[in-house]
Ligand code: 5AD
C-alpha cells in the first residue's frame, strides 16, 4: 500500500527551519515509490545568450555589457541536437535568454529538423513568448516547456523582474498546459528579500499548479548584476526544499541542477539525488559558447560523462525511455 505522505503547511515550514535528516530519508522513499531508480538525462543546448529582460539576479540581463553575446546558427543547433541523440540521450533542451532575434519560423524549423525521424523529446526553455509562438512550437513537435516561476511571492517577483509580472508568467504556463505541453516551473532558493514563508508557498505552488517538472536551484551571485554582492543561497536549505518538493508533489521530475553542483562542486548534485531528485541535465553547448552563457558566476561544467558518474555514485541507473511526465497517462503513448 502507498505510504501516507501528507504533510501540512506548518510541517513544511518547520521542516525548512530545522535540520532533521529524516526529511531526506522520507524524500528518498517517496522518490523510490513514484519515480523508481531511473534517472533521466536531458541534454541542454544554450543556443543564445541574448536577452531582452532585466532580471536583477541574472548575468544575461540586457543591461550587462560585460558579456559577449552569441547566437548559434540553426545548422549548428541541429548538429549539436544530433550529437545528443547519438549519445543515447532522449531529451533535447533548447535553452536561451528571452531572445526575439530568433523568429518563430526559425525555431519551428529547428524543432522540425530535430524531431524528424527521431524518438526524442524537445523541451523549450526560451522564456516568455507571444501565445501564438507557444502554439506554433507545440504544433512543430515541441513536447515540454520550462518556464520557471522564480518566486511565488508576487511583490518580490515584481521587484526582481522589472517590467514583468508573475500573473503574466502564470498565464503563459496555463496556456502551455492547454496546448498539451508537459510543463516545468521552479524557483530560486535564497533570493535577496525572500523569506522562509515564501519558500513554503513555492512548494505549495508546485503542487497546486500541478507541474510536471520543477527546476530548483540556489541563488548564485553574478558579479555584473545589481545583486552581485549578495550571498549565495544555502546548500542545506536547497536540499531540504528539494526533499519537501518531492514529498509534497510525489511524482514530478526534479533535476539535481547545475546551480546545486556549482554551490558544492564535490557533492551538490549527489546530495540532490539523495534528497529526491531524479533528473540531471548535462550541457552539450559547444565550449566557445558555453563559457559565455554566464547566468551566474563559476558555473560548473556538467558533461554527460560526469552526469553518468554521479548517477552511478548515487546507486541509481540511467533511464532508457524519454522520461515523459509521470503525471498524465496520455504522455505514456509518446514513449
Ligand atoms: N542564480 C541562480 N539561478 C539563476 N538564474 C538566473 N540567474 C541566476 C542566479 N544568479 C536561473 C533562473 C532563470 C534561469 C535562466 O536561470 O531561474 O530562469
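The values are calculated or read from the model by the stated rules, or taken from the named source; none is laboratory data. Just so you know, these numbers come straight off a predicted model, no measurement behind them. Because the Cβ atoms are built from the backbone with ideal geometry, glycine has one as well, and the counts that use them run over all protein chains shown.
Quick one: count up the residues across the range 29-47 that are more than 13 Å from residue 255 (Cα to Cα) and either in contact with a helix residue (DSSP H, G or I) (Cβ under 7 Å, 6 or more places away or on another chain) or touching a residue at least 24 places away in the same chain (Cβ under 8 Å) (or both).
Adding up the residues that qualify gives 8.
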* Filter the range 185-205 down to the residues that are within 14 Å of the ligand (Cβ to nearest atom) and crowded, with 22+ Cβ neighbours inside 10 Å, then identify the one that is farthest from residue 7 (Cα to Cα). => 191
* Could you list, in sequence order, the residues of the range 125-168 that are closer than 18 Å to residue 202 by Cβ, out of contact with any helix residue (DSSP H, G or I) (no Cβ under 8 Å at 6 or more places or on another chain) and surrounded by 15 or more Cβ atoms within 10 Å (Cβ to Cβ)? -> 146, 148, 160, 161
* Of the numbered conditions (1) more than 16 Å from the ligand (Cβ to nearest atom); (2) within 20 Å of residue 258 (Cα to Cα); (3) without any contact (Cβ under 8 Å) to a residue 60 or more places away in the chain; (4) out of contact with any helix residue (DSSP H, G or I) (no Cβ under 9 Å at 6 or more places or on another chain), residue 80 satisfies every one except a single condition; which is it? -> (3)
* Structure fact -> Residue hits (the range 237-257; within 14 Å of the ligand (Cβ to nearest atom) and part of a helix (DSSP H, G or I)) are 237, 238, 241
* Of the residues that make up the range 213-236, is at least one on the phi < 0 side of the Ramachandran plot, more than 16 Å from the chain's Cα centre (by Cα) and not in a loop (DSSP other than H, G, I, E, B)? -> yes
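Might you let me know whether the range 98-107 holds any residue that is surrounded by 22 or more Cβ atoms within 10 Å (Cβ to Cβ), touching a residue at least 40 places away in the same chain (Cβ under 8 Å) and more than 16 Å from the ligand (Cβ to nearest atom)?
no
Quick one: would you say residue 6 is in contact (Cβ under 8 Å) with a residue 24 or more places away in the chain, assigned to a loop (DSSP other than H, G, I, E, B) and more than 21 Å from the chain's Cα centre (by Cα)?
no
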* Structure fact -> Being over 25 Å from residue 305 (Cβ atoms) and within 12 Å of the ligand (Cβ to nearest atom) narrows 222, 182 down to just 222
* **Filter pass, residue 210 being under 24 Å from residue 277 (Cα atoms), assigned to a loop (DSSP other than H, G, I, E, B) and either modelled with pLDDT of 95 or more or within 12 Å of the ligand (Cβ to nearest atom) (or both)** => yes
* Taking the range 54-71 only, how many residues are away from the ligand (no atom under 16 Å from the Cβ) and surrounded by 22 or more Cβ atoms within 10 Å (Cβ to Cβ)? -> 0
* Asked: Out of (1) within 21 Å of the chain's Cα centre (by Cα); (2) under 30 Å from residue 200 (Cα atoms); (3) in a helix (DSSP H, G or I), the odd one out for residue 85 is which?
  -> (2)
